[in-house]
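What follows is a set of notes on a single structure, which appears directly below.
The values are calculated or read from the model by the stated rules, or taken from the named source; none is laboratory data. In this text the structure is predicted, and so the values were computed from the model without any measurement. Ideal geometry is used to build each Cβ from the backbone, glycine not excepted, and the neighbour counts take in all protein chains shown. Areas reflect the complete protein model, heavy atoms only, side chains present, ligands, DNA and RNA absent. Shrake-Rupley method; radii C 1.70, N 1.55, O 1.52, S 1.80 Å.
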Amino acid sequence: MKIVAGIVLYNPDIERLKENISACLPQVDEIILFDNGSENIQIVKKLISSIKGNLDLLVSNENLGIAYALNKIARRAINKKYKWLLTLDQDSVIYPGLVKHYKENIDLQQLGQLSCRRIDRNIEEKDIILNNCSVKEVKYCITSGTLISLQALKKINGFDQNLFIDWVDNEVCCALRKVGYKTYELDYKGLLQEMGHATCVNFLGKKIYTPNYTPIRYFYIARNSIYVARKYPLEENRFKKFLQQIKLQIHILFFEKNKMKKIKAIKSGIYQGLTLNLTDNRGLYEE
């Protein structure tokens, strides 16, 4: 069973990218990288050329979004006759044994995607939880560190390019489920990930997690969560998503910096999420 990994790049930290590739390359047959108009593309190319292994770099002159990049990677993988794609963010690092554990569970019923548990670089984990590698069906999983069936992806014609960034992963989970595929999670901490610039603060005796995303990320989270709720009314409730964004604004007022810009971005995202055309823009096979 051959597995190809796909990494989407945008102005990557070179040392972190090197760590990512070094962890992944021994576990897969090839890595396909798609650069989304990085300013440091020449440094990226230099790094790729210095690494011994099966690496394939695709380059765009502009940033066309996560979904577009994933579609390009998936199409290249399909053309190379791969059946399974491990999708990764540029700053993710998989742990040894992750792909091995995935392969051991490849016969799960109606498997569309197989994900794992993750560790956030910014949050200290004091509780030791053993990895028992049990598997459960889940509603959603993040893109990074997830093994996706390319056969299943072909059936839905890829990722929805209307989303650009954020909720790309949740939307594809809904799309796969709609045509009969399932998403599973392996009880194995197989991914080291950085979610924004997350911090954990104590408030009235409780630990409060806050991601500290940039305003543009908050915009897309608001926009795309409501868009997906409108697109899949049996999966999500648009009113609940609207309320979540109101609560998030209150959270930002209490715990984050740059408050007004973030709140303004969320309001704009809510409006666009409610008005965005629901026509698919998946484009796996479109030129």
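Annotations
- For segment 34-55, the condition of being touching a residue at least 40 places away in the same chain (Cβ under 8 Å), of a type outside the set (Gly, Ala, Ser) and closer than 23 Å to Leu284 by Cβ holds for none of the residues.
- Any chance Leu234 is more than 18 Å from Ile142 (Cβ to Cβ), assigned to a loop (DSSP other than H, G, I, E, B) and touching a residue at least 40 places away in the same chain (Cβ under 8 Å): no
- When segment 258-280 is limited to residues that are of a type outside the set (S, T, N, Q) and open to solvent by 90 Å² or more (accessible area, probe 1.4 Å), the one that is nearest to Asn162 (Cα to Cα) turns out to be Tyr271.
- Matching residues, segment 11-53, being among the acidic types (Asp, Glu), in a loop (DSSP other than H, G, I, E, B) and either surrounded by 14 or more Cβ atoms within 10 Å (Cβ to Cβ) or within 18 Å of the chain's Cα centre (by Cα) (or both): Asp13, Asp29
- Any hit, segment 214-228, residues being outside any helix (DSSP H, G or I), more than 21 Å from Ala175 (Cβ to Cβ) and either in contact with an Asp or Glu (Cβ under 6 Å, 6 or more places away or on another chain) or β-branched (Val, Ile, Thr) (or both): yes
- Output for segment 154-169, where each listed residue is open to solvent by less than 40 Å² (accessible area, probe 1.4 Å) and either among the charged types (D, E, K, R) or part of a helix (DSSP H, G or I) (or both): Asp160, Asp166, Val168, Asp169
- Residue-level check: of (1) among the aliphatic types (A, V, I, L, M); (2) assigned to a helix (DSSP H, G or I); (3) without any contact (Cβ under 8 Å) to a residue 12 or more places away in the chain, Leu248 misses just (3).
- Some residue of segment 194-212 being at pLDDT 95 or above and either on the phi < 0 side of the Ramachandran plot or crowded, with 16+ Cβ neighbours inside 10 Å (or both): no
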